[in-house]
1. Taking the range 48-66, which residues are more than 21 Å from Arg17 (Cβ to Cβ) and at pLDDT below 70?
2. What pairs can you find where one residue is in the range 35-46 and without any contact (Cβ under 8 Å) to a residue 12 or more places away in the chain, the other is assigned to a loop (DSSP other than H, G, I, E, B) and not polar (S, T, N, Q), and their Cβ atoms are less than 7 Å apart, with a gap of 6+ or different chains?
3. For the range 10-26, which residues satisfy the criterion of being outside any loop (DSSP other than H, G, I, E, B) and either at pLDDT below 90 or not basic (Lys, Arg) (or both)?
Amino acid sequence: MSIDRSLKVNAGLLRQRNVLTRAERIEKLVEQRRWAEGDAVLGIPKVRTQWKSKAKKKKKDKVEEA
């Protein structure tokens with residue numbers, strides 16, 4: 001069976017995921033220099049995911065002259 005078109009999500013996986021694949025975890029560990037070529041692939045350390053931060057609202061300056 002297929003999913004009805006009205007139920008499909010257009011964005012797909014564009015949002016930030018909270019679980020990384022093993023390859024993505026290894027890429028991050030290589031960037032952090034915590035994993036070297038030849039290390040065991042199983043039992044690799046945890047990697048923190050990137051969280052989006054809310055944009056802070058800009059405060060209007062009280063002094064707007066001119």
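1. Listed by number, the residues that qualify are Lys60, Asp61, Lys62, Val63, Glu64, Glu65, Ala66.
2. Every condition considered, the pairs that remain are Trp35/Ile44.
3. Pass one, the range 10-26, residues outside any loop (DSSP other than H, G, I, E, B): 22-26.
Of everything in the range 10-26, those that are outside any loop (DSSP other than H, G, I, E, B) and either at pLDDT below 90 or not basic (Lys, Arg) (or both) turn out to be Ala23, Glu24, Ile26.
The values are calculated or read from the model by the stated rules, or taken from the named source; none is laboratory data. Keep in mind that this is a model prediction, so the values were computed, not measured. Quick reminder, even Gly has a Cβ in these numbers, built from the backbone with ideal geometry, and neighbours come from all protein chains shown.
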